[in-house]
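My structure is below; once you've seen it, I'll send some questions.
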Amino acid sequence: MNEAFFDKKDYKPLDRVDGRLKVTGAAKYSAEYALPNMAYAVLIGSRIAKGTIKSIDSKAAERAPDVLAVISYVNAIKVPGYQPKGKHPSEPSTQGQPLRVFFDNKIVSNDQPIVAVVATSFEKARHAATLVKIQYNKEQHMTDLEANAAKAVLPASGKKNPKSPTADYDRGEKNAFESAPVKFEAEYVLPTEVHNPMELQSITAHWEADDKLTVYDKVQGTKMTQKNFAKEWNLPEENVKCIATFVGGAFGNGLHNWPHETAAIIAAKQVKRPVKLVLTREQMFTMVGYRPRTWQKIQVGATKDGKLVAINHHSVGQTSSYEEFTESTLQQTRMMYASPNVSTRYRILPLNLATPIWMRGPGEATGAFALESAMDEVAHEIGMDPIDFRLANYTESDPDKNMPWSTKYMRECYEEGKKRIGWENRKLKPGSLRDGEWLVGYGMGTGTFGANRNAATVHAELDSDGNLVMHCAITDIGPGTGTAMVQIASNTTGLPTEKITFHLGNSTFPNAGLQGGSSTVNSVGPAVLAACNALKEQLITMAAGKGNAAFTSAKPDDLMFDKTEIQLGGKSAKLTLGDLLKQNNIDKIETTNESKPDENRNKYSMNAFSMHFAMVHVHPFTGQVRVKKIVCCADAGTIVSPKTAASQMIGGATGGIGMALTEDAMMDHRFGRYITKDLADYHVPVHADVPEIDVYFVNKPDLLADPVGSKGLGEIAIIGVAPAIANAVFNATGKRIRELPITPDKLI
Amino acid sequence: MIQFQYERVTTAKAAISGLANNSNARFIAGGTNLVDLMKRNVTAPTKLVDINMVPLKDIQQQNGKTSIGALALNSAVADNKLIIEKHPLLSQALNAGASAQIRNMATVGGNMMQRTRCPYFYDTALPCNKREPGSGCGALQGLNRMHAIFGTSDKCIAVHPSDMCIALVALDASVVVAGPKGERRIPFEEFHRLPGNQPEKDNTLQNNEMIISVEIPDNAFNKNAHYMKVRDRASYAFALVSVAAALHMDGKVIKEARLAMGGVAHKPWRLKEAEQALAGKPATEETFRQAAKIAMQGAKAFKYNAFKLKLGPNVIVEALKNAAGLV
């Protein structure tokens, strides 16, 4: 694939191939499969944060109209994969063991699912759930991160392996900070945030036979789900099918299989009917993960002319008492700047909470809030423009891995971003600019995320009319995966996009990993490319075999379609697809191709980079912040699908506004219960909070990372947005808010 | 959801008798709050009397007052020409509340009857004297960032959530209610009550009474009126502090002022002493700052809402500046 591949003059951004299905309601989500004889389950969550269940009185509920079962640890069928010694067979998010729902009477977090009420309708199940009386033996719980931070531990992964990303890390001199001419130190707090995709987590579980399970499930990996439930129910993998054709957003909370999924599968087995289970919005706060509240301390040492001497970065994040959730909070600190001395310490604190899960821009977004705020603070202290300060510490290779970058085009982002936001209007001295009563400020923050790539396989079929149909198990949680794959196939073959279909979201399709960690286009894209090239090779062989001399030495790159006409090197070879297949007595050709990471991964550091610029207004007397403009710049390699890619950046920036200004899952630690747990109290940005968002892509391929040249986009869209806004607020007001969100009370 | 009876009525009389002999019967109109409360098991009426068909949607001007039917939609009132012209403060307040979708469902009477948004009230696993008298106040020692600074009791520190009502109390509105014994008028300021020892009671409606309309006396506050609401996001959030400010100007001098606050008390909080301090004074920032100081007398903060002691007077000053055209 050459550099100009997606840069052709006639290249038209494609609208979402499934857009019409989505906006007309024709797209079917996991709660929309109406199976014959279906039952409905409602979950009851614990009302204490720690202890045991003393008793469950379910008599009234069982007698309620059309109730089929009231299921708890008392009467739940034994899940064959549950191990007696505290083991759950499915993959933990990192170390530890996922919660075994309905296994015993132990309560380890508030709203832990402890009873499922199953009835012939949702309303009847919900009514019966109000009739179940549960008594508890309460024990002292621990949910407060800051109050217990001293009890935080090094994760097992870091203990076992000093090279693990969670292990203690020291580069250069450990004490270099102490002797730096300029010393800066601060603490930052990011509150618990909840993914809250629009679609509620839901599953329809159907035992098609005693040993054959189909789940219509809101997940980010159909293969992961298939494997996990095969293990949990002791079934051959081929007997478990996971269907997730459409997913209404996830932001990471579908990267784990959760207790409610097992609860629905147990219920379906127990009532011998398909069971649908949809979480409530409140349960979305407690049953399907969250971004862990994280306390960070950062020390930055520099010279007076703006050269970094040392960075020490320490973080403590929440985890549950049963799984060690970890994320890459400190990665960016190790590799973003040319600091000779860097130390990082990563700790987690097990609390009486459910397990967190990666939320968009996982640890990096959390870490970037501290690092990119601190960079701004140091620049201010030494009187330097924060961009000049960053450029003075720009690094041309990865100082952590000691490897060259595969590609890095951040200088282009600095230049373009400055221009588009109007950086020349920014004043070094905070509080210098006004628009009427409102204070005006400019800020920026950078982000990075690994250009991850997994093995992926695509099956492709081409018929004599030029219809190309592909299949892959990957899910699409919203970025427009089908759209991007259709564009790759169209660009590779010359077939028009409307003749190409990409089927996804089904575990019976060829293998792919999770849709997470910005890896989909980088992983599945190359498999699409490989499959298209394999089809072309078959055609070349066939054509040559039938005496078309021009094809004897042709390569896949030489062949392109013009509708159903096969062309070689741009010249018509006067061969139509239909004729060629007919000559060979077949009506279609097909291929299955795997593409996987190569040895370049051991030679280069591969990362996507982003840079976000914000212009804000702050009202000095009421403390209200209005983001007036955001510019997002991304070095994400090839931009395969310009329209959906820009939408992804806009969505990420919007999430970043939420991080910076509004989102906060507040917990009353006396009860260990969230008090902001619906969309009225847990504030995500509304339209009025979201300004014009201008997106710039460097759009230069990284062909060392993968044959498509893509580096991934989902995470960098949000990483660095929150500090950009916090830095702009400082530039407007001179007030540095180090605990997010920046609500009006913190600015008056 | 617990099973309940549902009755649809077409006259106020039928509505009122629909409540008779059942203290657990409730009216339902837009349902934008009641349905939430039922879903969360905060309230479980055994009977709902649907009053949407009762003809109480009119907005009319007669005998020196504007009368707004109890079932007029929030969006219809906010967009009504008469209201925009004669009582712009009310229109602004309505548009500052909820979302467009909710305003299209919610009625004037329902807006007045909505319950507090205190999170302890909404979670049946947490203590709340308003939901379950005697269970304690979760907010008193809890996360009380959104809570009251005026008129609190040790039983309840919840705030009244409406924006519309802040404008109505400032405009000296009265509430026309009808019951088995006939009609009566309640001054708006006396409609909602402070928590005292009975936080479960939000207002002074008697058993089986129904709100018929709200009346706003003609006034000279339509030239200089401003509703300012400060909240955690730009739209669709409850007020941290809101202020309804209206001035009757005589040149540069304030002839008469009206001032009320939201987000600070268990009822719409009228600031009469501050109004008196404004009367006869020039409309300057200094005058407004003085009035704001008076307005905040007697305010008492809790652990997480001390910021309201500072935000409150700032919003009063800003609202007055806007009303006076100084911004």
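Can you list the DSSP H helices in chain B whose Cα atoms extend at least 24 Å along the helix axis and whose mean Kyte-Doolittle hydropathy is 0.0 or higher?
Counting only whole DSSP H runs, the qualifying helices are B:307-324.
Set the Förster radius R0 to 45 Å, insert the Cβ-Cβ distance between A:Asn467 and A:Arg281 as r into 1/(1 + (r/R0)^6), and round the FRET efficiency to 0.05.
0.60
Given +1 on the Cβ of Lys and Arg, -1 on the Cβ of Asp and Glu, and no further charges, what dipole in debye does chain A carry about its Cα centre, rounded to the nearest 20?
1200 debye
Quick one: 3J(HN,Hα) in Hz for the range A:544-549, Karplus 6.51/-1.76/1.60 with θ = phi - 60°, rounded, Gly and Pro as x.
Computed from phi, the couplings for the range A:544-549 are 5, x, 9, x, 8, 4 Hz.
Counting only other chains, what is the mean number of Cβ atoms within 10 angstrom of the Cβ of each residue in peptide B:306-319?
Whole-number average of other-chain Cβ neighbours for B:306-319 is 3.
If you rank A:Lys746, B:Lys130 by fewest surrounding Cβ atoms within 10 Å, what's the result?
With the fewest neighbours first, A:Lys746, B:Lys130 line up as A:Lys746, B:Lys130.
List the aspartates and glutamates whose alpha-carbon lies under 12 Å from that of B:Lys181, not counting same-chain residues fewer than 8 positions away?
By straight Cα distance, B:Lys181 reaches B:Glu209.
On to the next question. Would you please state which residues of the range B:40-56 a label at B:Glu183 would reach in this model, taking the label point 7 Å out along Cα→Cβ and a backbone N cut-off of under 16 Å?
Residues B:55-56 qualify, since their backbone N sits under 16 Å from the label point.
With n ≥ 4 as the cut-off for DSSP H runs, can you work out [θ] at 222 nm for the protein assembly as shown, using -39500 (n - 2.57) per run divided by the number of residues, rounded to the nearest 500? All intermediate terms of the calculation are to be shown ahead of the outcome.
On the way: 28 runs with 261 residues, N = 1075.
Calculated mean residue ellipticity at 222 nm is -7000 deg cm²/dmol.
Apply the Kirkwood formula to the range B:224-324: the hydrodynamic radius equals the inverse of the mean of 1/r over all pairs of different alpha-carbon atoms; give it in Å with one decimal. Walk me through the numbers on the way to the answer.
Working: mean 1/r = 0.0741 Å⁻¹.
By the Kirkwood definition, the hydrodynamic radius is 13.5 Å.
Quick one: of B:Lys86/B:Lys267; A:Lys711/A:Lys746; A:Lys408/A:Lys536; A:Lys124/B:Lys47, which pairs are farther than 29 Å apart, Cα to Cα?
On the way: B:Lys86/B:Lys267 25 Å; A:Lys711/A:Lys746 38 Å; A:Lys408/A:Lys536 33 Å; A:Lys124/B:Lys47 18 Å.
In this structure, A:Lys711/A:Lys746; A:Lys408/A:Lys536 lie more than 29 Å apart at Cα.
Subtract the Cα-Cα distance of A:Asn37 and A:Ser55 from 0.36 nm times their separation in residues, and report this length gain in nm to one decimal. Intermediate results must be reported in sequence, preceding the final value.
On the way: separation 18, 0.36 × 18 = 6.48 nm, distance 3.16 nm.
Computed gain between A:Asn37 and A:Ser55 is 3.3 nm.
If amide H atoms are built 1.01 Å from N in the plane of the peptide, which residues on other chains or at least 5 residues away come under 5 Å of the amide H of B:Val241?
B:Val230
Give the residues of the range B:165-186 whose amide nitrogen is closer than 17 Å to a point set 7 Å from the Cα of B:Lys13 in the direction of its Cβ.
Only B:178-184 pass the distance filter.
Taking the mean number of other Cβ atoms within 10 Å as a proxy for protection, how do you rank A:523-529, B:31-37 from highest to lowest?
Most protected by this proxy first, the peptides run A:523-529, B:31-37.
Mind checking which lysines have their Cα closer than 25 Å to the Cα of A:Lys227? Skip sequence neighbours fewer than 8 apart in that chain.
A:Lys28, A:Lys78, A:Lys85, A:Lys87, A:Lys212, A:Lys218, A:Lys241, A:Lys269, A:Lys272, A:Lys276, A:Lys596
On a straight-distance basis, which lysines could pair with B:Lys272 in a cross-link, Cα separation under 17 angstrom, same-chain partners fewer than 8 positions away excluded?
B:Lys272 reaches B:Lys255, B:Lys281, B:Lys293.
Looking only at other chains, what is the average number of their beta-carbon atoms within 10 angstrom of each beta-carbon in A:686-692?
3
Next up: Going by a 4.7 Å Cβ-Cβ cut-off, which cysteines of the protein assembly as shown have no partner at all?
Cysteines of the protein assembly as shown left without a disulfide-compatible partner: A:Cys242, A:Cys472, A:Cys532, A:Cys632, B:Cys118, B:Cys128, B:Cys137, B:Cys156, B:Cys165.
Residues of the range A:263-306 with the amide nitrogen closer than 15 Å to a label point 7 Å from the Cα of A:Leu391, along Cα-to-Cβ, please.
Hits in the range A:263-306 for A:Leu391 at 15 Å: A:306.
Evaluate the distance, in nm, between pseudo-label points positioned 7 Å from the Cα of A:Leu679 and of A:His503 along their respective Cα→Cβ axes.
3.2 nm
What size of dipole, in debye to the nearest 20, comes out for the range B:5-52 about its Cα centre when the only charges are +1 on Lys and Arg C-beta atoms and -1 on Asp and Glu C-beta atoms?
The calculation lands at about 40 debye.
Just add up the charged neighbours of A:Gly480: K/R +1, D/E -1, any other residue whose Cβ is under 14 Å from the Cβ of A:Gly480. The partial results should precede the final answer.
Values: positive: A:Arg16, A:Arg20, A:Lys22, A:Lys643; negative: A:Asp15, A:Asp18, A:Asp476.
Overall, the nearby charge balance is +1.
Something else about it: Can you tell me the relative contact order of the range A:512-592? Whole percent, Cα pairs under 8 Å, sequence separation 6 or more.
It rounds to 22 percent for the range A:512-592.
Multiply the residue separation of A:Asn585 and A:Ala26 by 0.36 nm, subtract the distance between their alpha-carbon atoms, and state the gained length in nm to one decimal.
Numbers: separation 559, 0.36 × 559 = 201.24 nm, distance 3.79 nm.
Contour length minus the Cα-Cα distance gives 197.4 nm.
Could you tell me what % of all Cα pairs in the protein assembly as shown have separations over 60 Å?
Across the protein assembly as shown, Cα pairs with separations above 60 Å total 15 percent.
Using a Förster distance of 41 angstrom, determine the FRET efficiency expected from the C-beta separation of A:Arg736 and B:Ala100, and round it to 0.05. Show your work: numbers first, answer last.
Values: r = 36 Å, r/R0 = 0.89.
The value I calculate is 0.65.
How high is the relative contact order of chain A, given as a whole-number percent (alpha carbon pairs under 8 Å, six or more residues apart)?
16 percent
Here, each number is a calculation from the coordinates, and none is a lab measurement. Here the structure is a predicted model, which means the values were calculated and not measured. All Cβ positions, even for glycine, are placed from backbone atoms using ideal geometry, and neighbour counts span all protein chains on display.
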